[in-house]
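Notes follow the structure.
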């Protein structure tokens, strides 16, 4: 286990322990737990190639839940969509594109060879055909990750090797494939 994995597993444990006043079934609890789960899975996917993952999700996050660095120079932006059953559609992809554009503008990030942005959108549910079509039209690198929700009871009994909260599927748009080849990092079971 890398130090990244143990760091994010510890964040999950701390969140579960400190959230006594929040109902486990609430969207706030589930959404925050999902953000920490995504952080852990992304840290494992990218192994030691990411740094400084920071959860900024909340009411005023402007559509970006997690930020970090990839290969030290590239900004990593992650949006988590912890839907109950709804699939990820083109609408959510377009909204995320807007959030990425706004983040880049507010942080003076220009598209050049020295500073690139990699955008990840995670959901426990599948992405629609329309979502994939929209992703492929985007001029920015974007990756969809289907990451299952972490079940608190399972996590408590299984320790740091939960049976849930794992990457199930991945889709990388053409722009990301040309730039990063993220899908080569993850071998599907």
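In plain terms, the residue of 130, 52 with the fewest other Cβ atoms within 10 Å comes first and the most crowded comes last, giving 52, 130.
Compare the peptides 103-110, 61-68 by average per-residue count of other Cβ atoms within 10 angstrom and give them in order, highest first.
Details: 103-110: 12.4, 61-68: 18.8.
For the peptides 103-110, 61-68, the packing ranking is 61-68, 103-110.
Set the Förster radius R0 to 30 Å, insert the Cβ-Cβ distance between residue 130 and residue 13 as r into 1/(1 + (r/R0)^6), and round the FRET efficiency to 0.05. It comes to 0.20. For the stretch 60-149, the alpha-carbon coordinates run over 38, 26, 25 Å along the three principal axes, in decreasing order.
Rg and Dmax of the stretch 24-95, based on Cα coordinates, read 12.9, 38 Å.
Debye-formula intensities of the stretch 3-185, expressed as log10 I(q)/I(0) at q = 0.08, 0.11, 0.19 Å⁻¹, are -0.23, -0.45, -1.37 (one equal scatterer per alpha-carbon, no solvent).
Between residue 178 and residue 86, the FRET efficiency from the beta-carbon distance, with R0 = 30 Å, is close to 0.50. Model label sites at residue 101 and residue 69, defined 7 Å from Cα along the beta-carbon direction, differ in position by 2.8 nm.
No lab work stands behind these numbers, since they all come straight from the coordinates. Fair warning: this is a prediction, and the values are worked out from it, not measured in the lab. Using ideal geometry, Cβ is built from the backbone for each residue, glycine included, and neighbour counts are taken over all protein chains shown.
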